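The block underneath contains the structure these notes are about, expressed in structure tokens.
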Amino acid sequence: MATRIDGKALAATIRERVKRDAAELRQRGVVPTLATVMAGGDAGAESYADAQGRTARELGIEYRLVRLGATVAAREVEAALDGLNRDASVSGILLSQPTPAGIDAFALQQRIAVGKDVEGVSATNLGMLMMGHAALAPCTAAAAMECVRASGIELAGAAVVVVGRSNIVGKPVAALLLAAHATVTQCHSRTRDLARVTREADVLIVAAGRAEMIRSEHVKRGAIVIDVGTNRGTDAAGKSKMVGDVKFDEVEPIASWITPVPGGVGPVTVAMLMANVVEAARRARV
Ligand code: NDP
């Protein structure tokens, strides 16, 4: 039976480190500050922003929410981002998703100053990561790495399979693993015989957004399984609940370590965002 990787406990440890770093920066006169630009926004975005604000303040990070209406024009969002880019008191900037229809979130993200791109979504930050240079890594990819490291595995030479190739999870996590000298295989929706590939993995990272697609036949005995997926599913009584990309009860008996959903990668992601804000504040100062 696998050991569960407790994302909440891991996040608490990271938050303690961030809190200490933030206090140290404040002593030197730097107030780490995160600004979120929300254009329109839905209930999910609102509650995510609430959680961000709460966590940030608990850790000694200032939080600003810049609200723009759902009918805002792209140039107004651009102006808000440009203003925050110029504002020396702002360490990190985040564009809340989803943006209103007709607004190109990708183009706006590329406008965020590289040193303030705490979600690691700019082409420069992702490019730096691909080239093996220290960069502000996308928070979810960094969180998946923290979960892998919690297992204590030696990554050098390990066979790692990543299911998913998005710019925010699949590609950056593969780059981080490669930098840690793992042998990385990347799968996606066109991969033939996925189970044959994933069964080779010492470490299996799944970020596909397909509820419970990874079953027992996909997993080698003793593998470390990191489930990034967050999907709406239903429990036995038909009630809505959050499920991962891994069929947990089937895979838990086979794996050596596994992240649950919820309570795995998710809480660590928020902690890594805060770690990036403090890192951005520190880099801006030196
Ligand atoms: P995307 O939809 O951008 O990417 C999904 C990837 O999975 C694509 O590369 C796709 O392949 C691949 N894929 C889809 N279906 C299959 C399949 N049947 N077999 C193999 N590969 C498949 O998703 P994201 O990367 O943004 O997110 C992935 C998951 O992680 C989602 O559930 C999301 O909610 C969750 N997430 C969780 C976070 C957290 O904090 N825990 C944060 C961010 C995301 P192709 O490229 O060929 O289409």
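Of all residues assigned to region 191-201, none qualifies as being within 21 Å of the chain's Cα centre (by Cα), more than 7 Å from the ligand (Cβ to nearest atom) and either open to solvent by less than 10 Å² (accessible area, probe 1.4 Å) or closer than 30 Å to THR234 by Cβ (or both). Screening LYS171 on (1) more than 18 Å from the chain's Cα centre (by Cα); (2) touching a residue at least 24 places away in the same chain (Cβ under 8 Å) shows it passes everything except condition (1). For region 158-177, a residue qualifies if it is more than 16 Å from the ligand (Cβ to nearest atom) and touching a helix residue (DSSP H, G or I) at 6+ places or on another chain (Cβ under 9 Å), and exactly one does: ALA158. From the list GLU146, GLU154, GLU119, the lone residue that is among the charged types (D, E, K, R) and surrounded by fewer than 20 Cβ atoms within 10 Å (Cβ to Cβ) is GLU154. Just the residues that are open to solvent by 20 Å² or more (accessible area, probe 1.4 Å) and either in contact with a Gly (Cβ under 6 Å, 6 or more places away or on another chain) or in a loop (DSSP other than H, G, I, E, B) (or both), please, taken from region 73-102. Correct list: ALA73, ASP87, ALA88, SER89, GLN97, PRO98, THR99, PRO100, ALA101, GLY102.
All but one of (1) crowded, with 17+ Cβ neighbours inside 10 Å; (2) within 14 Å of the ligand (Cβ to nearest atom); (3) of a type outside the set (S, T, N, Q) hold for ARG210, so report the exception by its number. Here ARG210 clears every test but (1).
Considering only region 53-72, state which residues are open to solvent by 50 Å² or more (accessible area, probe 1.4 Å) and either closer than 16 Å to ARG26 by Cα or of a type in the set (Lys, Arg) (or both).
Taking region 53-72 and keeping what is open to solvent by 50 Å² or more (accessible area, probe 1.4 Å), we get 54, 57-58, 62, 64-65, 67, 70-71.
Those that are open to solvent by 50 Å² or more (accessible area, probe 1.4 Å) and either closer than 16 Å to ARG26 by Cα or of a type in the set (Lys, Arg) (or both): ARG54, ARG57, GLU58, GLU62, ARG64, ARG67.
Yes/no matrix, rows are residues, columns are (1) open to solvent by 20 Å² or more (accessible area, probe 1.4 Å); (2) in the same structural domain as MET145 (by TED's automatic domain parsing); (3) part of a strand (DSSP E or B); (4) within 9 Å of the ligand (Cβ to nearest atom):
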position: GLY222; (1), (2), (3), (4): yes, yes, no, no
position: GLY229; (1), (2), (3), (4): no, yes, no, yes
position: GLY233; (1), (2), (3), (4): no, yes, yes, no
position: ALA236; (1), (2), (3), (4): yes, yes, no, no
position: MET242; (1), (2), (3), (4): yes, yes, yes, no
position: ASP249; (1), (2), (3), (4): yes, yes, no, no
position: PRO262; (1), (2), (3), (4): yes, yes, no, yes
position: MET274; (1), (2), (3), (4): no, no, no, no
position: ARG282; (1), (2), (3), (4): yes, no, no, no
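Is one or more of the residues making up region 106-118 closer than 24 Å to VAL228 by Cα, outside any loop (DSSP other than H, G, I, E, B) and not charged (D, E, K, R)? Even if it seems obvious, please write down each step before you answer.
The initial filter retains those residues of region 106-118 that are closer than 24 Å to VAL228 by Cα, namely 106, 109, 117-118.
Within this subset, residues satisfying the condition of being outside any loop (DSSP other than H, G, I, E, B) are 106, 109, 117.
Filter once more, so that each one left must be not charged (D, E, K, R): 106, 109.
Within region 106-118, one or more residues are closer than 24 Å to VAL228 by Cα, outside any loop (DSSP other than H, G, I, E, B) and not charged (D, E, K, R).
The numbered conditions (1) within 12 Å of the ligand (Cβ to nearest atom); (2) open to solvent by 50 Å² or more (accessible area, probe 1.4 Å); (3) assigned to a loop (DSSP other than H, G, I, E, B); (4) of a type outside the set (S, T, N, Q) are all true for HIS133 except (1). Only one of these is touching a Lys or Arg at 6+ places or on another chain (Cβ under 8 Å) and either crowded, with 18+ Cβ neighbours inside 10 Å or at negative phi (or both): ALA35, ALA23, ALA9, ALA43. Name it. Within the list ALA35, ALA23, ALA9, ALA43, the selection yields ALA35.
The values are calculated or read from the model by the stated rules, or taken from the named source; none is laboratory data. Keep in mind that what you see is a predicted model, and the values were worked out from it rather than measured. Neighbour counts are summed over all protein chains in view; Cβ atoms, including those assigned to glycine, are modelled from backbone coordinates with ideal geometry. Each accessible area value is taken on the protein alone, full model and side chains, heavy atoms only, with ligands, DNA and RNA left out. Shrake-Rupley method; radii C 1.70, N 1.55, O 1.52, S 1.80 Å.
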